[in-house]
């Protein structure tokens, strides 16, 4: 049975629940790993810097540029290059704007805590960015999607290297997911 067949059999509500459960698991894993690998809670909290200029330039502008490139590519390349087995379409097409917002925020926080806050802080940029790509397995068999997740992952990791600020990567990740979720919902 293909991934598309599995996705067609589950409802949007069940898919949404699975997303929230996976993100809760990521968040729990990040808390456990933080306990073992980070020196203390103050070191972890120092990774959150409310620097508006940094968040705007590195989080907002870079995210909007990436989204613009992805939308342009979507219009230039054949649609099957972007087929992830129907997951994103099923997840976002049936959500309200508030639902897309909440999913995007949950994913951004849980994945950035884990991949940048704990893994990249402990094991480095290359390892964390590569692991992020591997965790997005549904993109690994489609060349355009694979290139997209590699660029996104290494860009997020680079932004974290430059700023050492999880708020930058959370804002970036959130804006990419939220904007593309809205695009999927409203595209004709």
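Computed from the coordinates by the stated procedures, all read-outs in this text should not be read as laboratory data. Note that the coordinates shown come from a computational prediction; the quantities given were computed from them, not determined experimentally. Positions of Cβ are generated from backbone atoms using ideal geometry, with glycine treated the same way; all protein chains shown enter the neighbour counts.
A few notes on this one:
- Residue order for 168, 60, fewest other beta carbons within 10 angstrom first, comes to 60, 168.
- Each Cα pair under 8 Å and six or more residues apart adds its separation to the average, and for segment 11-186 the resulting relative contact order is 38 percent.
- The modelled label-to-label distance between residue 122 and residue 24, using points 7 Å beyond Cα along the C-beta direction, is 2.3 nm.
- Angle in degrees between helix 12-37 and the longest Cα principal axis of the chain, rounded to the nearest 10: 20 degrees
- Most to least packed among 78-90, 7-19, 113-125 [average Cβ atoms within 10 Å]: 113-125, 78-90, 7-19
- Candidates 92, 127, 135, ranked by Gaussian network fluctuation over the chain, Cα under 10 Å, top entry: 135
- Above 26 Å, the calculated P(r) of the chain contains 30 percent of its Cα-Cα pairs.
- Theoretical FRET efficiency, 1/(1+(r/R0)^6), r = Cβ-Cβ of residue 93 and residue 17, R0 22 Å, to 0.05: 0.85
- Secondary-structure-derived ellipticity at 222 nm for the chain, considering helices only, amounts to -22000 deg cm²/dmol, per-run term -39500 (n - 2.57) for DSSP H runs with n ≥ 4.
- Whole-Å distance, taken between Cα centres, linking segment 11-45 and segment 149-188: 18 Å
- Cα-based helix-to-principal-axis angle, 62-76 vs the chain, degrees rounded to 10: 20 degrees
- Segment residue 105-residue 40, length gained on full extension (0.36 nm per residue, minus Cα span): 20.9 nm
- Sequence of 53, 138 once ranked by neighbouring C-beta atoms within 10 Å, starting from the fewest: 53, 138
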